[in-house]
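Engineer: Structure incoming, see below.
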Amino acid sequence: MPEVAGDGQEVKLVGAWYSPYVHRVAWVLKLKGIQYEFVEENLRDLNKKSSFLLDCNPVYKKVPVLLHHGKPIVESLFIIEYIDETWKHNPIFPTDPYDRAMARFWARLMDEMLLEGSKRALCAEGDQLKKEIEQVSDAMEVLEGMKKGKKFFGGETVGFLDVAFGWTTIWLEAIEEVAGVEFFNRDKYPHLDNWKSEFKQIHVVKDSLFPMEKLVRFFKKYRQSQLKLAAEK
Ligand SMILES: N[C@@H](CCC(=O)N[C@@H](CS)C(=O)NCC(=O)O)C(=O)O
């Protein structure tokens, strides 16, 4: 039986139900069997964040925040590294230093290109939307090439890159629906398509995913509010 953190009091995850960054951290905690308490932060009004969040993450003021024995760790990719180094069973990172460095590189690049790009697409129109679609498509091409010939990005088992890219499973589809665009084409990205199906079958992922319609409703409101703000400027 792997060593797990105590009674949930010593590990807390501060998050928001819809956050892809939060889910990737939760997946790693669950894959390692670490008990934790989830603390939902209400981000509806970004000017009214809790003093708890502002104390924990004074620089970025964002979720997720992981608290371990009361000490906060921020930024999802760093949090995952911390978890993997602290609880060493069921390792998430590759063991080879070169592979580890490359995994960090790809995770960060894809956060910049794919995650941030598709987030911007969610609230974009016209030429701006076209530009974001191009960037997201470039990123998808790269991912398709990286996935070829392997069951998971990590090889035969789920690894750091799988959890880092796991958000594409439903978040990307929800963005496509709300922004009225197509990023993901099964015929163009068959390896990614297989991976998506495999990833969604992993029990900790399956149990944590919520209906896509819930996310679509949330994103619709978000898009409308952002477009309204942009029009008022
Ligand atoms: N780079 C950060 C991004 C975290 C992030 O953007 N979180 C969003 C929720 S999905 C947030 O807290 N937004 C509040 C805000 O933008 O002020 C990470 O990887 O943890």
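Engineer: Hand me the trypsin sites (Lys or Arg not before Pro) from region 176-208 located in a DSSP loop with no more than 16 other Cβ atoms within 10 Å, in residue order please.
Structural biologist: Here the sparse-neighbourhood loop sites are Arg186, Lys188.
Engineer: Helix-only estimate, please: 222 nm mean residue ellipticity of the chain, summing -39500 (n - 2.57) across DSSP H runs of length 4 or more and dividing by its residues, to the nearest 500.
Structural biologist: Theoretical 222 nm ellipticity from helices: -16500 deg cm²/dmol.
Engineer: How many percent of Cα pairs in the chain exceed 31 Å?
Structural biologist: Roughly 22 percent, rounded to a whole number.
Engineer: Provide the FRET efficiency to the nearest 0.05 for the Asn47-Ala231 pair, computing r from the beta carbons and using R0 = 25 Å.
Structural biologist: 0.80
Engineer: Taking only C-alpha pairs under 8 Å that are 6+ residues apart, what is the relative contact order of the chain in percent?
Structural biologist: Rounded, it is 18 percent for the chain.
Engineer: Calculate, for Leu209 and Glu134, the FRET efficiency according to 1/(1 + (r/R0)^6) with r their C-beta to C-beta distance and R0 30 Å; round to the nearest 0.05.
Structural biologist: 0.55
Engineer: If you don't mind, there's one more thing I want to ask. Show the residues, 5+ positions off or on another chain, whose built amide H is closer than 5 Å to the amide H of Phe38.
Structural biologist: For Phe38, the qualifying residues are Leu13.
Engineer: Okay, moving on. Just to be sure I understand: with springs between alpha-carbon atoms less than 10 Å apart, which residue in His89, His191, His69 has the highest mean-square fluctuation in the Gaussian network model of the chain?
Structural biologist: With Cα springs under 10 Å in the chain, the top fluctuation among His89, His191, His69 is at His69.
Engineer: Hey, another quick one. Count of lysine pairs in region 11-86 with Cα atoms under 16 Å apart, counting only pairs 8 or more residues apart in sequence or on different chains?
Structural biologist: Going through region 11-86 pair by pair, I get 10.
None of the figures in this text is laboratory data; all of them are computed from the coordinates on show. What you see is a predicted model; the values in this text were computed from it and never measured. Backbone-built Cβ (ideal geometry, glycine too); neighbour counts: all protein chains shown.
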